[in-house]
Amino acid sequence: MWRQALMRIALAIVPLVALVAACGSDTGSDTGAGASFVLKVADPGNSGPLAVGKRDGAFDAALAPLGAKIEWVGITPGFSSNLKLFNTKELDVSGAAFSPVVGALSKDVGVRIVAVQDPAGKDQSGIIVTPESGVHSVADLAGKRVAVNPAAKGEYILLKALAQAGVPADRVTRVPLQQKDAASAFATGKVDGWASFLVPYQEAKANGGVEIATEKSIGSNDNSVVVFRTEVLDQRPDVAAKYLDVLQDLTAKQRANPADFENVFEKTGPRALSGARLADAHRVGGEATVPHLPTEADATALADVVDTFFGNGVITRKITAADIFYDLKSRLTPEQLASIQAGS
């Protein structure tokens, strides 16, 4: 029964993505009509600061004086599955984590991190296994097949967990699958485990997946980040700063009143949460940290992700913080800089 439930989840991801894309052009406001610069942002779905900003037109209202507006772009689950959209200039801004950005830069994708969020909700991602796998701990994964989104969060979580448990990485078969395909493989028993994150992970766990590790338990340093296409940052740092300013304000409001940031567009239906999952989302929202310009502590956390990937052959060159963090500070006026520093 649990496999049938998980299969329904895997199949449901496709129409959900289509639904997000269909809603992508609806900003909920005419503010910014006729703007000369269009910032293409990953559609937020039904929850979080971006969803509230989309519903209320907060970003367009703030960007209008700069001659800019937002276009919401439908995406698939997981930053690494959308890299082609950055390459084709169909996407300019997205939330992510350190790991997929490291993976992207190793493939010369033109993106950079402008802001980092301190760890929160680290029980929302981890490793789950099928009940039939016979796996009860990370050490039991030796000889097993585990789905990961390659050079991204899933692969980092697995490698970090294996190192902590003293299991050589080559003792476990990493099956490279993006979230949609991994959900199907896990549901049908084609893999024994799945290193995953956020909504797909929580859905699979709620429907029978057995959790054996979380980002919290393995000491993950894969912090959340705000990522821009580098060309946009070079051309319009003022737009990037204003976008970050609005995001900081909305995130602070989410932390204070997390219930206002769930089920933003739909109270019922496939994208809406209820019961225990809604209560858990409120808890995590209350832990949300405001994005800030990268610090030395962030560079240290990033180095752990880079070292984990480089040491296991996921990337072939060591990428530095200077390669990944964009120096937005140097591109702003004192007033612009003061605004985003005050927000953090």
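Provide the per-residue ³J(HN,Hα) series for region 148-158, in order, calculated from phi with Karplus coefficients 6.51, -1.76, 1.60 and θ = phi - 60°, each as a whole number of Hz, with x at glycine and proline positions.
For region 148-158, the Karplus-derived couplings read 9, 7, x, 6, 8, 4, x, 5, 4, 4, 5 Hz, x marking Gly and Pro.
Net charge near residue 291: determine it from the other residues with C-beta under 13 Å of the C-beta of residue 291, scoring Lys and Arg +1 and Asp and Glu -1.
Numbers: positive: 255; negative: 118, 245, 249, 298.
Within the 13 Å Cβ shell, the charges total -3.
Express as a percent, rounded to the nearest 5, the fraction of DSSP beta bridges in the chain (both residues included) that run antiparallel.
Values: 21 of 35 bridges.
Here the antiparallel bridges make up roughly 60 percent for the chain.
Region 134-168 to region 75-95: how many Å between their Cα centroids?
Using only Cα atoms, the two centres lie 26 Å from each other.
Could you compute the FRET efficiency for residue 317 and residue 88, with r as their C-beta to C-beta distance and R0 at 25 Å, rounded to 0.05?
Details: r = 25 Å, r/R0 = 0.98.
E between residue 317 and residue 88, to the nearest 0.05, is 0.50.
May I ask you to derive the FRET efficiency for residue 257 and residue 118 from their Cβ-Cβ distance with R0 = 30 Å, giving the value to the nearest 0.05? Let's see the in-between values first.
Values: r = 20 Å, r/R0 = 0.65.
Calculated transfer efficiency: 0.95.
So, counting K/R as plus one and D/E as minus one, what does the shell of residues with Cβ under 12 Å around residue 137 add up to?
Numbers: positive: 144; negative: 140, 211.
Value of the local net charge: -1.
Quick one: angle between helix 275-286 and the longest Cα principal axis of the chain, in degrees between 0 and 90, rounded to 10, please.
For 275-286 against the chain, the angle is about 50 degrees.
Keeping every protein chain in place, order 236, 229 by accessible area at 1.4 Å, biggest value first, i.e. largest first.
Details: 236 50, 229 25 Å².
These residues rank, largest area first, as 236, 229.
Could you grab the relative contact order for the chain? Cα pairs under 8 Å, six or more apart, rounded to a whole percent.
Numbers: 642 pairs, mean separation 84.7, N = 344.
Dividing the mean separation by the residue count of the chain yields 25 percent.
Given H placed on each backbone N at 1.01 Å, which residues far from residue 73 in sequence or on other chains put an amide H within less than 5 Å of it?
Result for residue 73 returns 41, 42, 43.
Can you list the residues, at least 5 places off or on another chain, whose amide H is less than 5 Å from the amide H of residue 175, using H built in the peptide plane?
Amide H neighbours of residue 175, under 5 Å, 5+ apart: 146, 147, 148.
Could you run the Karplus curve 6.51 cos²θ - 1.76 cosθ + 1.60 with θ = phi - 60° over region 54-66 and give me ³J(HN,Hα) per residue in whole Hz, x for Gly and Pro?
Using θ = phi - 60°, the values come out as 5, 4, 8, x, 5, 5, 4, 4, 6, 7, 3, x, 9 Hz.
Evaluate E = 1/(1 + (r/R0)^6) for residue 235 and residue 280, where r is the Cβ-Cβ distance and R0 equals 56 Å; express this FRET efficiency to the nearest 0.05. Before the final figure, lay out the partial values.
Numbers: r = 40 Å, r/R0 = 0.71.
Efficiency computed from Cβ-Cβ geometry: 0.90.
To the nearest 500 deg cm²/dmol, what mean residue ellipticity at 222 nm is calculated for the chain from DSSP H runs of n ≥ 4 alone, each contributing -39,500 (n - 2.57), summed and divided by the residues?
Numbers: 14 runs with 148 residues, N = 344.
Computed mean residue ellipticity for the chain: -13000 deg cm²/dmol.
The values are calculated or read from the model by the stated rules, or taken from the named source; none is laboratory data. Only a predicted model underlies this, so the values are computations on that prediction, with no experimental measurement involved. Counting neighbours? That spans all protein chains shown, and the Cβs are built from the backbone with ideal geometry, glycine included. Side chains are part of the model used for accessible areas, which takes the heavy atoms of the whole protein and leaves out ligands, DNA and RNA. Shrake-Rupley method; radii C 1.70, N 1.55, O 1.52, S 1.80 Å.
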